[in-house]
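First up is the structure itself, then whatever we jot down about it.
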Amino acid sequence: MRPLATLDASALSGIAAVFTDIDDTLTCEGRLPAAAYEALERLDAAGLAVVPITGRPAGWCDMIARFWPVAGVVGENGAFYFSYRREERRMVQRFFATDEERRRNRARLSELREIILREVPGTGIASDQLYREADLAIDVCEDVPPLPKEAVDRVLDLFTSAGAIAKLSSIHVNGWFGDYDKLAMSRIFAHDILGLDLDDDRERIVFVGDSPNDGPMFDFFPLSFGVANVLDFKDAVPHLPSFVARGRGGEGFVEVADLVLAARDGAQGTRAPGVHGHG
């Protein structure tokens with residue numbers, strides 16, 4: 001990881017999209033600061049496709065896709081994407097698994113839920129679980145006292161022992177059945193909504209994140225950025241970002257957004273070709 005200040009701004013001149021985590025990347029201490037939301041608006045107004053890539057639930061993602069200045073949102077760590085077409089007043093939804101697969105998986109996760117709560121004292125079910133379609137979110141520090149590392153590791157082990165995929169975010173352990181992650185659904189979203197091929201266009205996309213479940217994104221995108229609190233997980237993130245901001249959470253995101261916008265202003269162009277409008 002290199003300091004953000006060491007990046008040659010010319011590397012950002014052709015950026016078409018900004019993908020970003022939400023919790024502790026856009027937020028600070030559990031709140032979305034005005035400056036971070038304003039940065040989203042400024043990026044969108046400059047013609048960049050802004051796409052939150054989050055572990056948060058479908059219910060939240062419907063609202064984000066409708067009301068935030070974004071091209072769409074990838075939710076539940078890659079279980080789906082939502083993109084709201086404002087001119088048509090229509091929500092585009094695509095899930096990785098079929099309705100029947102999700103039904104079966106929810107039944108399996110319901111069994112795991114009881115095992116984890118019984119086996120790991122101090123855990124809780126995330127307060128947003130009611131609004132989830134495809135995963136089980138175990139709260140390890142959002143609305144419960146922070147769990148020790150040994151307890152978090154035990155939760156991860158219980159998921160994987162049952163054949164589920166488990167990822168640690170800054171607040172939850174998310175577990176699901178299915179061969180997908182944030183990167184897999186980002187690839188589908190880029191193709192369907194932005195008209196981009198993630199392999200060919202990876203250098204035209206910035207990713208900003210903060211925690212272990214962002215590892216696949218950090219590894220894939222050359223222009224990957226961590227807000228400063230990614231350093232809290234430096235021994236747990238399988239792949240670290242290329243650059244790190246000075247500020248934590250939303251403050252760090254604003255640093256990245258400012259750099260992207262400054263490079264765009266200097267590039268003398270409007271919207272980069274190949275990105276479809278999103279209303």
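Things worth noting here:
A quick yes/no check of all residues on (1) modelled with pLDDT under 95; (2) under 20 Å from Ala45 (Cβ atoms); (3) open to solvent by 20 Å² or more (accessible area, probe 1.4 Å); (4) small (Gly, Ala, Ser):
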| position | (1), (2), (3), (4) |
| --- | --- |
| Leu198 | no, no, no, no |
| Phe207 | no, no, no, no |
| Ala228 | no, no, no, yes |
| Phe253 | no, yes, no, no |
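- Wholly within segment 179-258, helices (runs of 4 or more DSSP H) carrying at least 2 residues that are without any contact (Cβ under 8 Å) to a residue 60 or more places away in the chain: 198-201, 215-220
- Among the residues making up segment 167-176, those that are outside any loop (DSSP other than H, G, I, E, B) and open to solvent by less than 20 Å² (accessible area, probe 1.4 Å) are His172, Val173, Asn174, Gly175, Trp176.
- Criterion violated by Ser110 - all others in (1) open to solvent by less than 10 Å² (accessible area, probe 1.4 Å); (2) not in a strand (DSSP E or B) satisfied: (1)
- Of Leu109, Leu48, all but one fail to be closer than 30 Å to Thr160 by Cα, in contact (Cβ under 8 Å) with a residue 40 or more places away in the chain and touching a strand residue (DSSP E or B) at 6+ places or on another chain (Cβ under 6 Å); the exception is Leu109.
- Looking across segment 71-92, the residues that are open to solvent by less than 10 Å² (accessible area, probe 1.4 Å) and without any contact (Cβ under 8 Å) to a residue 60 or more places away in the chain come down to Val73, Gly75, Phe82.
- For segment 232-243, a residue qualifies if it is surrounded by fewer than 22 Cβ atoms within 10 Å (Cβ to Cβ), under 25 Å from Val152 (Cβ atoms) and either at pLDDT 95 or above or touching a Gly at 6+ places or on another chain (Cβ under 8 Å) (or both), and the qualifying residues are Pro238, His239, Leu240.
The values are calculated or read from the model by the stated rules, or taken from the named source; none is laboratory data. Note that the coordinates shown come from a computational prediction; the quantities given were computed from them, not determined experimentally. Every residue, glycine among them, receives a Cβ derived from its backbone with ideal geometry; neighbour counts consider all protein chains shown. Accessible surface is based on the protein model in full, side chains and every heavy atom, while ligands, DNA and RNA are left aside. Shrake-Rupley method; radii C 1.70, N 1.55, O 1.52, S 1.80 Å.
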